[in-house]
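Working notes, structure below.
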């Protein structure tokens, strides 16, 4: 079985010392020319520039200096709240699949990766710190599908920024974002110095594949309370309108923070994520 991953890049220069695949300001054995230095300040005879040296009236020996390609930190924030359990194949199952592919992609790029799962709180058992050997991240990804937080909300989002490093981080935020707009805005304000990729998981059975008519029992995904309603043409139309309006609002909100959302309403296609990065984050 082949390992699935997508190609991503960053549009800032990494400050990491660890070698990787991204542009950086770190001096090294890369191919990005960064200027000249004299041999005493940068003692690497392999980089001597004979033409520059011969032209110097002070007879200094010059070497070419280059920037290496470096790693960048990658963090997954995974929503574990009650609404993520919706569906015959729950959103958590889809979230685990996506998190696994993100982990594979980070490993392919030699980037450090970590994961934090949250609902109303952030528990220590759901924290995998950044690592170039993501064994703990892998173990948490395997646990995602077994979460059954029927009475849990998403207040833990207010703590997520505390688990980020100081360096510019690429954040993959996996959630259905069925949470108050104020919580989302607060998170985006707390992570302005980083780059956020919101991966929004919706299930079409939430709004578009409803029965045309009949009495149906719904379970509120946040309170876990059951409600019996009579589906009618007008009610179904209103439900669809509300979801379409919510989608437009989320797009507007995330775009206002330069964090274009990536919607997943079925199978996750890694190629689509590659196209997303090519469109929005030019290297």
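The values are calculated or read from the model by the stated rules, or taken from the named source; none is laboratory data. All values reported here derive from a predicted model rather than from experimental measurement. Every residue, glycine as well, gets a Cβ built from its backbone with ideal geometry; the counts of neighbours run over all protein chains shown.
When we screen 253, 164 for residues that are touching a strand residue (DSSP E or B) at 6+ places or on another chain (Cβ under 9 Å) and either over 20 Å from residue 126 (Cβ atoms) or at pLDDT 95 or above (or both), the only hit is 164. Scanning the range 142-158 finds one or more residues that are under 23 Å from residue 273 (Cα atoms) and touching a strand residue (DSSP E or B) at 6+ places or on another chain (Cβ under 7 Å).
Can you confirm whether residue 72 is part of a loop (DSSP other than H, G, I, E, B) and touching a strand residue (DSSP E or B) at 6+ places or on another chain (Cβ under 6 Å)? Here the answer is yes, as residue 72 does meet what is asked.
In the range 144-156, the count of residues that are assigned to a helix (DSSP H, G or I), within 17 Å of the chain's Cα centre (by Cα) and over 26 Å from residue 253 (Cα atoms) is one or more. Filtering 270, 261 for residues that are touching a helix residue (DSSP H, G or I) at 6+ places or on another chain (Cβ under 6 Å), in the same structural domain as residue 195 (by TED's automatic domain parsing) and surrounded by 13 or more Cβ atoms within 10 Å (Cβ to Cβ) leaves a single hit, 261.
Summed over the range 99-121, the residues that are farther than 16 Å from residue 169 by Cα and in contact with a strand residue (DSSP E or B) (Cβ under 6 Å, 6 or more places away or on another chain) give a count of 2. Residues in the range 111-127: is at least one under 27 Å from residue 269 (Cα atoms), touching a helix residue (DSSP H, G or I) at 6+ places or on another chain (Cβ under 8 Å) and in a helix (DSSP H, G or I)? Yes, the conditions are met somewhere in the range 111-127.
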